[in-house]
Each structure stands twice: as structure tokens, then as C-alpha cells.
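Novice: Structure incoming, see below.
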Amino acid sequence: MKRRTDRLLFALLAWFGACVAVAAPPVTSTDSIGIPVTDLERSVAFYTQVLDFTKVTETEIAGPDYEHLFGVFGVRVRIARLQLGDESIDLMNFVVPDGRPVPVDSHSNDLWFQHVAIIVRDMDAAYRRLRDHKVRYASTEPQTLPDWNPNAGGIKAFYFRDPDGNHLEILQFPAGKGAGKWHRAGNDLFMGIDHTAIAVADTDASIQFYRDTLGMKVVGTSDNYGTEQEHLNNVFGAHLRITALRSNGGPGVELLEYLTPRTGRSIPADSTAVDHWYWQINMVGPSVSALAKAVVDDGYRSVSTGVTTLEPAPFGATSGFIVRDPDGHAVQLIDRTPPQPEHQP
């Protein structure tokens, strides 16, 4: 009787364990931000000569593995990895097939909006550099956010565009705000990337994806409005709920929900990786398979047909899976090649 009872108890425990969802291990860091470009040489020149990035390496990828990764048949991509301080971006030139351009009337509250926030040591000097190179404005001019806003007061910021029209931001933190490394002594005018910002329709839905499924942490919030915010975003009546999330390393992700005006357009449902509004947040996790299962089980749309082994491994990523967040922004989950032990003579 005892043996039968034990077997029954074991069966019940096994059934219960199968019914309980096992949380995927959280992402450990943001590896890089993928930015779409149409002329790789022109874009590398802009980012290195104007913004002081350093080109690390360049690769070209194609073949069945990458067709399954990007969900696009016949895809071929040239990618240049650039570094600024401790952070990296990947300039992504989809050679084939052709994609659709960003609408000419695009605004910062459209849900395909995304930028990287580049930290500068001196806003006036950085702004002069951009003017000297005749960059395209997205803000009317640099803005200092008002002191009545406790979480954003004193921050200086300016939106501008790269040669393809991608939004970028330069940002200077006042004393007491931002990571300590943004206040270190030095001569570098452009210091690194603090975060990538994305427009979202519903902050709570996005938090469920980035925090509850991927394991990032909410590290700050802000309620931004007023003339400074309007002129920064170049959107009349802009009132934003801003939420900052981070993992253990790399740039954070900043959610920008426009409380007003709520006229931003959604990312087209038929978007693919070759469309020119396609950005990509590359996140490292200890188990891409577990993370991929978690996002699919939670109902998020995948770009990839499944977890894909990447050969050759671009920038050390040995496998990948691309998923869309609730608004359609792309996140690539990657495994990294473990560091090889040094040879001991």
C-alpha cells in the first residue's frame, strides 16, 4: 500500500510541476543596437567622423540560417559594428531584398520611432559640432528640461538625424543624475550610449514584455510635458510617460508613451526586417531557447522561424531568435561565444 501511495504522490507532483510555468532566465545585457542604413560607407563615415564612434569590424551575412533568423527569403546584410565608450551599435545595410522607406511625414510619436541617446560631456560644444557638419534637425534646438520635474530637471537634450533620417539624441546629465561614468573626468566629447528609446502605445503592456518576460528591471520613471518637451520632440502638446529599464550591462531601454497627442501611427502589421524603420535591440541571455519559448508562450510575435544557429557567428553570437515587442519593435535574443581560456605555455 505504501509503495502504491508513493507512486501516486510522485505522479501528482510530476503533473503539478508540468502545469507550473518555469520562468526563463533573464537577459543579462544589451549587446548592441541595430540601426538600418542604406549606404554603409556613408553611414560609417558619419558616425566615426561626426560622432567619434570607432569602427570595430564589418561582416556580410547571407544564406538559409539568416533567412530563418530575419524571416526574409534571399536576405543579404552588410553589418558594421561601431563602438563609443563601452557601448556598441550595428549599422545594418540590407543589400537585398529592397524594403520600404520611412514615411516622409514621420514624427516622434509614431510607434516605429526609436533612437539612441548619446551622452555628451558638453552640450554646447556637441551642438556646435553637429551644426558645423550641417546635420538635419529633429528638435528645434537643444532643450534644458525644467527644474519642476524632479526626475528630468536639468537634463539637456537635442534630437537630430543621421544621413538616412534615423533619429539620434545627444544628452547631457546634470550633477546627481545619470550613471556615475557619465560624470568622469576626460576629454571625450561624445562619451557613450545611455539607452535606446522607443515609442509605445501602452507602457504597462511593454513592461510586461521587457520586465516580466525578459527580466529587465524598471529603474526610473518620469512625467514630461511643457514647452521644452514639445520642442525637444517637435510634437505640439507632447506629454510623455517615460519608463527606463535596464539589465546588468549595456544600454537601457526607455519607453516613451505619448499621453498626448495620441495620434501616433502603428508599425505596419506586414513589416519585415528589410523595411527602413526596422531597428533591432540585441540582448544576450544565458539560454536563447528558454527565452524564445517564454516569449512565444506569452503570445508575442516572432520574426524568426525558430532559434537559429548562426554560422558564421557575427560578433560572437552563436545563435539567435528575433521577436517583436507589443508595438512591433524587434528584439534579437542571442547566445554569445564563451571566452576562450588563454593559452598557458
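The values are calculated or read from the model by the stated rules, or taken from the named source; none is laboratory data. Because the structure is a prediction, the values reported are computed rather than measured. Every residue, glycine among them, receives a Cβ derived from its backbone with ideal geometry; neighbour counts consider all protein chains shown.
Table: residues versus (1) closer than 26 Å to Pro97 by Cβ; (2) surrounded by fewer than 21 Cβ atoms within 10 Å (Cβ to Cβ); (3) among the β-branched types (Val, Ile, Thr).
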position	(1), (2), (3)
Leu256	no, no, no
Arg265	yes, yes, no
Pro268	yes, yes, no
Thr272	yes, yes, yes
Ala290	no, yes, no
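Novice: Then there's this: Out of everything in the stretch 238-259 that is touching a helix residue (DSSP H, G or I) at 6+ places or on another chain (Cβ under 7 Å) and without any contact (Cβ under 8 Å) to a residue 40 or more places away in the chain, what residue ends up being farthest from Asp212 (Cα to Cα)?
Specialist: Among residues in the stretch 238-259 that are touching a helix residue (DSSP H, G or I) at 6+ places or on another chain (Cβ under 7 Å) and without any contact (Cβ under 8 Å) to a residue 40 or more places away in the chain, the one farthest from Asp212 (Cα to Cα) is Leu240.
Novice: Select from the stretch 83-107 the residues that are closer than 30 Å to Glu230 by Cβ and part of a loop (DSSP other than H, G, I, E, B) and list them in ascending order.
Specialist: Passing the criteria: Arg100, Pro101, Val102, Pro103, Val104, Asp105, Ser106, His107.
Novice: Among what's in the stretch 129-174 and is aromatic (Phe, Trp, Tyr) and under 18 Å from Ala199 (Cα atoms), pick the residue that is surrounded by the fewest Cβ atoms within 10 Å (Cβ to Cβ).
Specialist: The extreme case among them is Phe160.
Novice: What's the total number of residues in the stretch 263-286 that are of a type in the set (Val, Ile, Thr), out of contact with any Gly (no Cβ under 7 Å at 6 or more places or on another chain) and in a loop (DSSP other than H, G, I, E, B)?
Specialist: Qualifying residue count, the stretch 263-286: 1.
Novice: Separate question: Can you work out which of the residues in the stretch 46-82 that are among the charged types (D, E, K, R) and part of a strand (DSSP E or B) is farthest from Asp188 (Cα to Cα)?
Specialist: Arg76
Novice: Kindly provide the set of residues from the stretch 287-328 that are of a type in the set (S, T, N, Q) and either in contact (Cβ under 8 Å) with a residue 60 or more places away in the chain or assigned to a strand (DSSP E or B) (or both), ordered by number.
Specialist: Passing the criteria: Ser287, Ser302, Ser304, Thr305, Thr308, Thr309, Thr318, Ser319.
Novice: Something else now. Of the numbered conditions (1) in contact with a helix residue (DSSP H, G or I) (Cβ under 6 Å, 6 or more places away or on another chain); (2) under 17 Å from Leu256 (Cα atoms), Pro163 satisfies every one except a single condition; which is it?
Specialist: Condition not satisfied by Pro163: (2).
Novice: Residues to consider are Val50, Val56, Val44; find the one that is surrounded by 10 or more Cβ atoms within 10 Å (Cβ to Cβ), modelled with pLDDT of 50 or more and in contact with a Ser or Thr (Cβ under 9 Å, 6 or more places away or on another chain).
Specialist: Val56
Novice: Here's another thing I want to ask about it. With respect to Val331, is the statement that it is over 30 Å from Pro142 (Cβ atoms) and assigned to a strand (DSSP E or B) true?
Specialist: yes
Novice: Tell me, please, whether a residue that is at pLDDT below 95, outside any strand (DSSP E or B) and within 30 Å of Ala269 (Cα to Cα) can be found in the stretch 11-23.
Specialist: Yes - at least one qualifying residue is present in the stretch 11-23.
Novice: State yes or no: is Gly74 at pLDDT 95 or above, within 29 Å of Arg246 (Cα to Cα), of a type in the set (Gly, Ala, Ser) and surrounded by fewer than 21 Cβ atoms within 10 Å (Cβ to Cβ)?
Specialist: no
Novice: Looking at the stretch 277-288, is at least one residue at pLDDT 95 or above and touching a helix residue (DSSP H, G or I) at 6+ places or on another chain (Cβ under 6 Å)?
Specialist: no
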